[in-house]
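The structure appears right after this line, and notes come after that.
Read-outs: derived from the displayed coordinates by stated rules, not from any lab. Because the structure is predicted, anything quoted here is derived from the model rather than measured. Every residue, glycine as well, gets a Cβ built from its backbone with ideal geometry; the counts of neighbours run over all protein chains shown.
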Amino acid sequence: MPVEFSIVIFAVIAAVVLFQLYNVLGKKVGRQPEDGSKVPVLAKAPATAEPAAKVPAVDAAALAAAASLRARDPAFDPIKFIEGARQAYETIVRSYATGDRAALKPLLTSAVLDSFEAGIIARETRGETEEVEFLQGPRADLEIASAEGDKAVAKVRFLAELRSKIIQTGADASVEPRIEERRTAEHWTFERSLGSTDPNWVLARVEPASA
């Protein structure tokens with residue numbers, strides 16, 4: 001076979017191969033930038049965005065504990081109640097430490113308020129003021145929620161780690177503040193009137209609990 005004819009044959013074969021490659025690789029696959037549409041990307045949260053709030057978990061035991069009250073008050077939400085009780089706990093503990101009677105009054109029954117008032121007066125008599133810091137968020141577990149007559153009653157077990165700074169005033173003001181750390185385990189019983197337009201609970205009883 002003449003050399004020139006062989007070259008022509010190879011050229012034709014190469015052209016066919018290149019054409020087939022173009023058909024496979026040269027076609028547009030999917031949407032292209034020039035199609036006028038953007039390639040979807042995962043959205044990134046703004047750098048200043050707040051972290052998502054943690055929703056308190058309520059286990060089956062807590063739901064069972066709330067069943068009695070929910071039979072009388074179907075709107076009772078254990079999750080919202082526990083979160084509200086935790087916030088009330090922190091507010092009451094801090095307000096008692098600082099002797100903030102105005103903050104305590106709407107959160108306590110008259111009997112508990114009288115007991116707290118006695119403790120505040122005793123501290124003031126000693127010439128002390130106190131600041132409280134929670135070392136971590138307190139744990140709150142709903143133990144029972146029921147209806148007693150015309151009242152809704154809920155008992156919560158709180159576990160907390162606290163740091164107290166006790167400051168001397170008056171003649172002993174030069175004394176260095178005393179720092180104390182402690183763990184507490186208490187049962188707090190809250191109550192409110194069933195059928196009342198006021199949804200707020202008040203603290204009716206405080207008792208020691210096992211750690």
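The table for this structure:
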| item | result |
| --- | --- |
| Segments 91-98, 124-131 sorted - mean Cβ within 10 Å per residue, highest first | 91-98, 124-131 |
| Segment 111-118 - phi-based ³J(HN,Hα) in whole Hz, Karplus 6.51/-1.76/1.60, Gly and Pro as x | 5, 5, 4, 4, 5, 5, 4, 4 |
| Under 5 Å, built H, 5+ apart or other chain: amide partners of Lys151 | Leu194 |
